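A.B. asks: Sharing a structure, written as structure tokens. Questions coming.
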Amino acid sequence: MRRSGSQVLQSVFTFVIGVALFGVTPLNAQVDTGSITGVIADASGAVVSGAKVTLTNEGTGASLTATSGADGIYKFSPVRVGSYNLDVTSQGFQTTKQSGVQVNIGTNVSLNFNLKPGSQTETVEVTGAIPVLQTQDASVGQVVDQRSVNDLPLNGRNFTFLAQLVQGVNSPQADTRGNAGSGAFSANGFRPAQNNYMLDGIDNNSDTVDFLNGTNYVVLPPVDAIQEFRVQTTDFSAEYGRSGAAVLNATLKSGSNQFHGDVWEFFRNDKLDARDFFEHNCNAGTCTPAKKGELRWNQFGGTIGGPVLKNKVFFFGDLQLWRLRQGQPQLGSVPTAAERTTGFTNLQDLIQPGTTETDALLRTFPKGTVFDPATTRAVGSSFVLDPFGFSTCTGAPYTLSTCPGLNILPANRLDANAIALLKLYPNPTNSGVVNNYANSPTLVQNEKQFDVRLDLNFTQTNQLYYSFSYDDKPELIPSIFGGVADGGGFFQGNQTAGSQHSALVWNHTFTPTAVNVARVGLNYLHTTRNIPEANNLTDLPASFGILGIPQQKENGGLPALSIGGLQTLGGNAFLPSDEVSSTIQVTDDFTKIYGKHTFKMGFEQQHVKFSTLQPPWSRGQFDFNGAYTEIPNTTDNTVGRAQLLLDPTLSSVGGPDFVGGPNRVFASNISLSDNGKNYWGTYLQDDWKVSPKLTVNLGLRWDFFGLVYDHYGKQANFVPFGPPNGSAIYIIPQGPNANPSNLSPGFTSLLTTDNIALAITNKYGKGLGNSQKSNFAPRFGFAYQVTPKFVARGGFGMFYNGFENRGYSPNLGENYPFQFSFDFNHPNDWTPVIYNAPCPAGTATAANSATVETGFSCIPLTPQLVNAQGLQLRGIQFDYQTPYSMGGNFTLQYQLTPTLSVQAGYVTTLGRHLEVFPGSNRPSALFAPGTTLNKANPSDAVCSSTVPPPCIPNPAQGGLPVPDFAQNASYASNGGSSYYHGLQTNVQKKFHGGLSFLAAYTWSKVRSDALDLLNGFAGNGYRAPYVPGVGIHHDYGLANFDIRNVFHFSGGYELPFGKGKQYMGDASGPKNAALGGWAVQWVVTLQGGQPFKIDCPFGTTAAGSNCYSFVLPGHNPRTSLHINPDGNPAMLNASAFAQPCNFGSTSPSGCIPGSTPAGILGGDQPSQIAGPGFHRLDLSLFKNFQLTERTRLEFRSEFFNILNHPNFNYPGFGGNGVNAVSGATDWRSGNATFGEIGSTRDNPLDPREIQFALKLYF
């Protein structure tokens, strides 16, 4: 049973109070604190022991004391983030005081004192700048302070984007999940989903499937509530676990002895903005501006903090509301005007003059020619069809001029329901057949959020704070059509996202050298998404003749109709979606300062719970890609509408009957999975101050990541090979939800036929596999201060990363007999999809082949009645190896001035046992195109000594291991690896004299065969993972988040004019109001392009192995970025690409023969091309008005992408609300859209946007 967020928080809060009152065993790290250390000496440099050092928080008055040791070293650890005063007293010396010592999150401040002889009653005020060198540890990263968080121009006021300003970090290509638009980043060559987000020392990672909320984190406080945050990219201490990539650790502001806060409103309007690059209508090569997408943006709120009881109790809170209405420019393909006006009988607009395709009779036809499935017939070992209107041809070449009747379809052959479906498409807005419809539907978002924090200083030795964050974000993410037609993807629809985060932290000081910090926390996230017609239960599918689609809550609307050459019609897969995730975390840390050593030891435990209602195809998906209306074994993919329109019928030439209908059908039942997973970690860390110049960091961490399990045992695991028994096994946990009587005879029979053992047992544990328990991760670092202005640092560490969001694949709860999915794929281009279950009279052809009307009527969804032919069996590797990385760095840093430093370092990382999705049930040999691999029905013959070809290859011949089940089902294993190395440099100017900046440049290279799991590199991403001579490692190449050159430059400058400034310092009144108080802030981003591959225009082998195009030696695959007549940018050179020859071809022509399996599929390593770069300048102009001593008004003008430079996705990119240009990756002759780009990376935030704001500080 699913529990509400308030119920979860109530029970966890009860637990938290219990922990706080009765104590916990010393556990995890000081992840939201820092430390201060240094050496106390006299004027001659001799160390002073026994000096008393008092540390006082300037805001709250809380104080700590320490005593310098025999070596003169003192240390405070842990120290809460904030600004402090330090007082040093010793007999025979004057008291020395330094104020404004800033302790940042996770950093170690080094501050030395030289005492002067005299009386303790005499005080020396030290005014020198705080050191800028990092002299205490070897971690790689950057603190982003409060001034930068609050002042730098941030589109959307999302502080996590500032992580991209750090060396070694890049902003990835727009991804299919949309996380790049919410601040996702790649650090040191790792996938964005491997990063670890923390808030107030508590886990802040989204564990919803596929990041349904569109972010990698749970809550995002407004920038005004953030004290600061730190990004560590590698070689951090053993205190940090869970992640093998970067750690982003933020902390909320706290109250102080003075009231402080601000109120604000940020305002935008489309009247101020530039037009999106793709907001145009193009006809016959002439493009005119389209209506600009709407934008109404208002963010308003405030913060306040102050004392409840001076020096004892403090509070801080914030509230922000966001109202957004924003047009989302989208392009898609719809039927042409000529098609609509002729009742879809005239499809001549599809014909592409100047292009050719050749059939088995060596006849050539232009691409876009529609062939008649009723004329399908065998010619030798191949099949041919005749085009519609062939009788009007006067002779070859067969073109519209010689065949005026081409693509004229007889009205009596068209399906009335198909015509009604096609009429749901809107009228085109542009000419042509590709991307001929432009629209800017409006995103509607209404968000409210707040944060509260309460700090209690009970005594000098006991402090407690509690923080709570809440966010509620309902929104309508529009699809291109909306309504019944919809046309959206998984990430469009009506969405809600409610999130909560809480932390309770108790700091107890036993002695000045022994401190314990205990934490308990919770994050909670509930997201939903569905299509607009989800609750229309009037059986819309039946009104279009589509039968059997379940009509139940949240499952209304049309199924997905994927039609080659057109935008998808109807709802998308994996909707409805309803997900709840929560993480309960208990951690504790104990710190002991002993001489030159600072020992830290701790423990961490997390229980992650996530329930998911996300049936893959509860409405069904029906694919019409043109397989039956084009030349067999080609990939025209433009004539799918004809396949939808034509009723399957008897052959007119004595060939196979009823060719037609959907060439692929997906279906699933509806079921809820309720999952959990556990994490434990413990560590020991020693920061050893070997000498005043040398610090060595030694650490060891152990992590355990439990496998995902279902709380009610409703999951199963298909292990295709290897442990536990060396061959295929299907594991179902024993219990009330799984017993033999729940399994259909058809399922168990097919398991036996395909040699899959069935194990209904609990002996393999709740996770149905083994977790690795030997996850010991050593950490080492050093920092050597060569001179007072020069430091050398280096480190090495191992980091385990078992909690990476893999999305919904494979979810073992989506296995039979719980939730199950069917994939009925046509065996070849001359055989229709055949249902093996009995079909109701009148719903299918005499051969039980699929039609658009068949729907689910031939697909039993009751477990006991399921006919398992085509069932998907999902699985994970049984002996699961925890992914890990090894990272090392050597860095030099030099202080140029008291506030200016420069550093350069070499950073390298290695990733091992990375999770990959090679899929299961894929062939282990190559076969000629057209070879049937799957059994379409039980009567299909599998090759054997007594069954000669034509037959289905058996496993011993390299055929599918289990040919009765769906091909390429989801399967996760740990076979991936990666390698990164880079030069990372930065120049940082701490704020002084009105100026601060950070300039970071990175040159790097990352290669991997484990690319982004959530960005399209799963399953079919690997060409032939089980074929000897290919495998996963032959897809090892540049990662899709590899960027060779990255430069960021951010900063701010207060103009030196007005009262108290360098110029006109005595100005007052109107003069000061006009000329004083001006400031400018900026963020510059310059990035190279990210690599992508071009697939083969058509496969070189049977379905099951993918293929990449060759780039010919001496040819540049890129052209200069230019604009095509249809208004789209393009960047590829078609003449640079070549097709590998078909496997088994005896007379290859116009292709490159391959002598190895990898060569047949496009080379030992895929050819990769650099996509468009990313160039952007964001600029802010501030004007401050000092109203009173403690009150000022700030007016902001902010310009995002002020130069209006469009930043394009790569050709062929589609996802997250944007569509790839049809034909963008098809380089064959005559394809006018090859190399075209259809979207920008920051869509819809790419064009120049202007924002105004007022902020009142008090």
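A.B. asks: Net charge near Gly564: determine it from the other residues with C-beta under 10 Å of the C-beta of Gly564, scoring Lys and Arg +1 and Asp and Glu -1. Write down the numbers at each step before the final one.
C.D. replies: Numbers: positive: Arg641; negative: Asp623, Glu630, Asp636.
Charge balance in the 10 Å sphere: -2.
A.B. asks: For Thr286 and Leu1256, what is the calculated FRET efficiency with R₀ set at 51 Å and r taken between the beta-carbons, to the nearest 0.05?
C.D. replies: Using R0 = 51 Å, I get an efficiency of 0.50.
A.B. asks: A follow-up question, please. Among the listed pairs Lys52/Lys990; Lys253/Lys312; Lys789/Lys990; Lys52/Lys789, give every one whose C-alpha distance is greater than 21 Å.
C.D. replies: Lys52/Lys990; Lys52/Lys789
A.B. asks: Could you rank the peptides 350-361, 1141-1152 by their average count of other C-beta atoms within 10 Å per residue, with the highest value first? Walk me through the intermediate numbers first.
C.D. replies: Working: 350-361: 16.7, 1141-1152: 13.1.
In descending order of packing, they fall as 350-361, 1141-1152.
A.B. asks: Could you give the length gained on full extension between Leu758 and Asn535, defined as 0.36 nm per residue of separation minus the Cα-Cα distance, in nm?
C.D. replies: Working: separation 223, 0.36 × 223 = 80.28 nm, distance 3.92 nm.
Length gained, Leu758 through Asn535: 76.4 nm.
A.B. asks: Compute the signed sum of charges (Lys and Arg +1, Asp and Glu -1) over the other residues within less than 11 Å, Cβ to Cβ, of Ser651.
C.D. replies: Details: positive: Arg377; negative: Asp372, Asp657.
Here the count lands on -1.
A.B. asks: Past the 17 angstrom mark, what percentage of all C-alpha to C-alpha distances in region 759-813 do you count? Let's see the in-between values first.
C.D. replies: On the way: 995 of 1485 pairs.
Cα-Cα pairs of region 759-813 separated by over 17 Å account for 67 percent.
A.B. asks: So, one more: Please report the net charge: other residues with Cβ closer than 12 Å to the Cβ of Gly1212, K and R +1, D and E -1.
C.D. replies: Result for the neighbourhood of Gly1212: -2.
A.B. asks: In units of 2.2 N^0.38 Å, what is the alpha-carbon radius of gyration of region 541-668?
C.D. replies: 1.92
A.B. asks: In nm, to one decimal, how far is the modelled label at Asn1116 from the one at His597, with both set 7 Å along Cα→Cβ?
C.D. replies: Modelled inter-label distance: 6.2 nm.
A.B. asks: If you find the alpha carbon centre of region 948-1009 and of region 633-686, how far apart are they in angstrom?
C.D. replies: The distance from the Cα centre of region 948-1009 to that of region 633-686 comes to 25 Å.
A.B. asks: Among the DSSP beta bridges whose two residues both lie in the chain, what percent are antiparallel, rounded to the nearest 5?
C.D. replies: Counting DSSP beta bridges with both partners in the chain, the antiparallel share is about 90 percent.
A.B. asks: Determine the distance separating the Cα centre of region 791-835 from the Cα centre of region 1118-1179; give it in Å without decimals.
C.D. replies: One Cα centre to the other: 27 Å.
A.B. asks: Another one. Quick one: work out the % antiparallel among DSSP beta bridges in region 1036-1257, nearest 5.
C.D. replies: On the way: 48 of 50 bridges.
Around 95 percent of the beta bridges assigned by DSSP in region 1036-1257 are antiparallel ones.
A.B. asks: Can you compute 3J(HN,Hα) from phi for each residue in region 883-899, using the Karplus curve 6.51 cos²θ - 1.76 cosθ + 1.60 with θ = phi - 60°, rounded to whole Hz and x for Gly and Pro?
C.D. replies: x, 8, 9, 10, x, x, 8, 9, 10, 10, 10, 10, 9, 7, 9, x, 10
A.B. asks: How would you rank 1070-1077, 141-148, highest first, on the average number of other Cβ atoms within 10 Å across their residues?
C.D. replies: 141-148, 1070-1077
A.B. asks: Expressed as a rounded percentage, what relative contact order does the chain have, with Cα pairs under 8 Å and six or more residues apart? Can you show the working numbers first?
C.D. replies: Values: 3704 pairs, mean separation 135.9, N = 1258.
Normalised by residue count, the contact order of the chain is 11 percent.
A.B. asks: Moving on. Given charges of +1 on the Cβ of Lys and Arg and -1 on the Cβ of Asp and Glu, with all other atoms neutral, how large is the dipole of the chain about its Cα centre, in debye to the nearest 20?
C.D. replies: The dipole magnitude comes to about 2440 debye.
A.B. asks: Applying a 10 Å radius around every beta-carbon, put 1023-1031, 590-598 in order of their mean neighbour count, most first.
C.D. replies: Per-residue mean Cβ counts within 10 Å order the peptides as 1023-1031, 590-598.
A.B. asks: Can you give the helix-only mean residue ellipticity at 222 nm for the chain, where every DSSP H stretch with n ≥ 4 adds -39500 (n - 2.57) and the sum goes over all residues, rounded to the nearest 500 deg cm²/dmol?
C.D. replies: Calculated from helices alone, the mean residue ellipticity at 222 nm is -1500 deg cm²/dmol.
A.B. asks: While we're here: Using the beta-carbon distance between Trp688 and Ile1123 and R0 = 56 Å, what value does 1/(1 + (r/R0)^6) give for FRET efficiency, to the nearest 0.05?
C.D. replies: After rounding to 0.05, the efficiency reads 0.35.
A.B. asks: May I ask for the angle, rounded to the nearest 10°, between helix 5-22 and the longest principal axis of the chain, with both axes built from Cα atoms and the value confined to 0 to 90°?
C.D. replies: Once rounded, one gets 30 degrees.
A.B. asks: Please give the FRET efficiency for Thr341 paired with Ser381, using the beta carbon to beta carbon distance and R0 = 41 Å, rounded to the nearest 0.05.
C.D. replies: Calculated transfer efficiency: 0.45.
A.B. asks: Moving on to the next point. Please compute the length gained on full extension between Val263 and Leu309, using 0.36 nm multiplied by the number of residues separating them and subtracting their Cα-Cα distance.
C.D. replies: Gain on extension, Val263 to Leu309, equals 14.2 nm.
A.B. asks: Continuing with this model, one more query. Past 22 Å, Cα to Cα, is the threshold; run Lys448/Lys609; Lys714/Lys763; Lys75/Lys592 against it and keep the listed order.
C.D. replies: The answer is Lys448/Lys609.
A.B. asks: Could you work out how far apart the two model spin labels at Ala542 and Val947 are, taking each label as a point 7 Å from the Cα in the direction of the beta carbon, and quote it in nm?
C.D. replies: 4.0
A.B. asks: Then there's this: In whole Hz, with x marking every Gly and Pro, tabulate ³J(HN,Hα) for region 684-698 from phi via Karplus 6.51 cos²θ - 1.76 cosθ + 1.60, θ = phi - 60°.
C.D. replies: 9, 10, 10, 9, 9, 7, 4, 7, x, 9, 10, 10, 10, 10, 10
A.B. asks: Now for a separate question. ³J(HN,Hα) across region 814-830 via Karplus (A = 6.51, B = -1.76, C = 1.60, θ = phi - 60°), whole Hz, x for Gly/Pro?
C.D. replies: Going residue by residue, I get 9, 10, 4, x, 8, 10, 9, 10, 10, 10, 8, 10, 5, x, 6, 7, 10 Hz, with x marking Gly and Pro.
A.B. asks: Mind checking the full-extension length gain between Leu892 and Thr65? Use 0.36 nm per residue of separation minus the Cα-Cα distance, one decimal, nm.
C.D. replies: Computed gain between Leu892 and Thr65 is 294.4 nm.
A.B. asks: Which distance in Å, rounded to a whole number, links the C-alpha centroids of region 1190-1240 and region 352-408?
C.D. replies: 38
A.B. asks: Oh, and also: Across 20 Å bins from the origin, how do the percents of Cα pairs in the chain run, short distances first?
C.D. replies: So the P(r) values, bin by bin, are 10, 38, 34, 14, 3, 0.
A.B. asks: Can you give me the distance in nm between label points at Thr442 and Val1084, each placed 7 Å from the Cα along the Cα-to-Cβ direction?
C.D. replies: That separation, rounded to one decimal, is 3.9 nm.
A.B. asks: Another question, if that's okay. Report the percentage of all Cα-Cα pairs in region 618-714 whose separation exceeds 16 Å, rounded to a whole percent.
C.D. replies: Numbers: 3559 of 4656 pairs.
Roughly 76 percent, rounded to a whole number.
A.B. asks: Take the Cα of Gln552, step 7 Å along the line toward its Cβ, and report every residue of region 813-839 whose backbone nitrogen sits under 15 Å from that point.
C.D. replies: 818-821
A.B. asks: Which one of Gly1114, Asn446, Pro353 is farthest out on the positive end of the charge dipole of the chain, using unit charges on Cβ (Lys, Arg +1; Asp, Glu -1) and the Cα centre as origin?
C.D. replies: The one lying farthest along the dipole's positive direction is Asn446.
A.B. asks: I would also like to ask the following. Please report the equivalent ellipsoid semi-axes of region 1036-1257, computed as sqrt(5 x eigenvalue) of the Cα gyration tensor, largest first, in whole Å.
C.D. replies: Values: eigenvalues 606, 50, 36 Å².
Semi-axis lengths for region 1036-1257 are 55, 16, 13 Å.
A.B. asks: Residues of region 1181-1216 with backbone nitrogen within less than 18 Å of a virtual label 7 Å along the Cα-to-Cβ line of Ala1074, please, listed as ranges.
C.D. replies: So the set is 1183-1186.
Here, each number is a calculation from the coordinates, and none is a lab measurement. Note that the structure is predicted; figures quoted are calculated from it, not measured. Note that each Cβ is placed from the backbone with ideal geometry, even for glycine, and that neighbours are counted across all protein chains shown.
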